[in-house]
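Asks: I'd like to ask some things about the structure below.
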Amino acid sequence: MSVSPSEVNEPVPPKVNEKPRWIKEMLEWAKTITISFLIVMVLHLFVFNLSTVEGHSMEPTLRDREWLFVNKAAYLMGNPKVGDIVILEDPSAYGGQKDYLVKRVVGVAGDRIEIYNKELYRNGVKVTEKYTDVEIEDLDFMPVVVQKGQYFVMGDNRHARASKDSRIFGTVPRSMIHGRADFILWPFKQVKIL
């Protein structure tokens, strides 16, 4: 004779060492939070981060305290191009501290950069700089040929002594450039693609 499971009324014995439901749920939450944290850290290290503009060296394009979306992945496969706004380590920082700057690339390998009579010249041709609001107020800058793997960067603010850039610290090696600023994220009224 066979007995169906519904006819058996024997109590099911509790499993030995079974964790209470709330502990299982807490472990699931901990696992989810840990995985999420790891994903965010990998994205932050290799794909993007946020950066805050400090100072006035990039005015009128960028203003003090604006938040930037920095695309790190842009240069994993390629290199900075003329016109890119980049985040770079300050080559003039000393004592092991890492300060970061935001500047515009105005010269790449092989370019001859010169400032003459308050104008920027690349390879002997005057550069039309629609992103500036004033002519260069600093002194003339003797021609420099940008070497392979190096970049000439400048701030958009061309008022006298308004920007610490390649005119002060020279060309910048590719290894010091950490990403390209793609968007202004904050304040909302300033949100735009760069």
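Asks: On a full-extension model of 0.36 nm per residue, what is the gain between T34 and Q190, subtracting their alpha-carbon distance, rounded to one decimal in nm?
Replies: So the extension gain works out to 52.7 nm.
Asks: Which residue, L50, L27, L68, tops the fluctuation ranking in a GNM of the chain built on C-alpha contacts under 10 Å?
Replies: Highest fluctuation among the options: L27.
Asks: Right, next: Describe numerically, in nm with one decimal, the distance between label points set 7 Å from Cα along Cα→Cβ at V82 and at Q97.
Replies: 3.5 nm
Asks: Between beta-carbons, use under 12 Å as the cut-off and find the net charge around K189, counting Lys and Arg +1, Asp and Glu -1.
Replies: Numbers: positive: R63, K192; negative: E66.
So the environment of K189 carries a net charge of +1.
Asks: Picking from A93, S36, F141, whose Cα lies most toward the positive end of the charge dipole for the range 27-164 (charges on Cβ: Lys, Arg +1; Asp, Glu -1)?
Replies: S36
Asks: Return the long-range amide H neighbours of G149 (sequence gap of 5 or more, or a different chain), with a cut-off of under 5 Å between placed amide H atoms.
Replies: A109
Asks: Give me the net charge for the shell around A30: Cβ to Cβ below 14 angstrom, other residues only, Lys and Arg +1, Asp and Glu -1.
Replies: Neighbour charge sum, excluding A30 itself: +1.
Asks: Turning to a different aspect of this structure: Once phi is turned into θ = phi - 60°, what whole-Hz ³J(HN,Hα) does the Karplus curve with 6.51, -1.76 and 1.60 give for every residue of the range 83-96, x standing for Gly and Pro?
Replies: x, 5, 9, 10, 9, 9, 5, 6, x, 8, 5, 9, x, x
Asks: Net charge near I87, counting Lys/Arg +1 and Asp/Glu -1 over other residues with Cβ under 12 Å of its Cβ?
Replies: Numbers: positive: K72, K98, K103, R104, R180; negative: E54, D84, E89, D90, D99, D182.
Around I87, the surrounding residues sum to -1.
Asks: Please give the calculated 222 nm ellipticity per residue for the chain, where each DSSP H segment of at least 4 residues contributes -39500 (n - 2.57) and the sum is spread over every residue; nearest 500 deg cm²/dmol? Show your work: numbers first, answer last.
Replies: Values: 3 runs with 34 residues, N = 194.
Result for the chain, helices only: -5500 deg cm²/dmol.
Asks: Take the chain, connect every pair of alpha-carbon atoms lying under 10 Å apart with a spring to form a Gaussian network, then pick out the residue of S166, S36, S175 with the largest mean-square fluctuation.
Replies: S36
Asks: Right, another one. Going 7 Å from the Cα of V125 toward and past its Cβ, which residues in the range 69-104 have a backbone nitrogen under 14 Å from where you end up?
Replies: 82-83
Asks: List the trypsin sites (Lys or Arg not before Pro) in the range 102-178 that DSSP assigns to loop (not H, G, I, E or B) and whose Cβ has at most 12 other Cβ atoms within 10 Å. Which are they? Show your work: numbers first, answer last.
Replies: Working: sites: K103, R104, R112, K118, R122, K126, K130, K148, R158, R161, K164, R167, R174; in loops: K118, K130, K148, R158, R161, K164.
Sparse-neighbourhood loop trypsin sites (Lys or Arg not before Pro): K130, K148, R161.
Asks: On to the next question. Between K148 and N49, how many nm apart are label points set 7 Å from Cα along the C-beta direction?
Replies: 3.0 nm
Asks: Starting from the Cα of K72, draw a straight line to each of the lysines and keep only those under 17 Å, dropping any in the same chain fewer than 8 residues away.
Replies: Within the straight-line limit of under 17 Å, K72 reaches these lysines: K81, K103.
Asks: Okay, next question. If the elastic network links every pair of Cα atoms under 10 Å, which of V125, V108, V70 fluctuates the most in the Gaussian network model of the chain?
Replies: Greatest mean-square fluctuation among the candidates belongs to V125.
Asks: How much accessible surface does T52 have with a 1.4 Å probe, in Å² rounded to 10?
Replies: Counting only protein heavy atoms, T52 exposes about 70 Å² to solvent.
Asks: Using θ = phi - 60° and the Karplus form 6.51 cos²θ - 1.76 cosθ + 1.60, what ³J(HN,Hα) does each residue of the range 151-166 get, whole Hz, x for Gly and Pro?
Replies: So the Karplus estimates, Gly and Pro as x, are 9, 9, 10, 9, x, 6, 6, 9, 5, 4, 6, 8, 9, 8, 8, 4 Hz.
Asks: Quick one: putting +1 on the C-beta of Lys and Arg, -1 on the C-beta of Asp and Glu, what dipole do you get for the chain around its Cα centre, in Debye to the nearest 20? Before the final figure, lay out each step's value.
Replies: Working: 26 positive and 25 negative charges, 56 e Å.
Here the size comes out at about 260 debye.
The values are calculated or read from the model by the stated rules, or taken from the named source; none is laboratory data. These numbers come from a predicted model, not from an experiment. Cβ coordinates were reconstructed from backbone atoms using ideal geometry, including for glycine residues, and neighbour counts include every protein chain displayed. Just the protein is used for accessible areas: all its heavy atoms, side chains included, with ligands, DNA and RNA removed. Shrake-Rupley method; radii C 1.70, N 1.55, O 1.52, S 1.80 Å.
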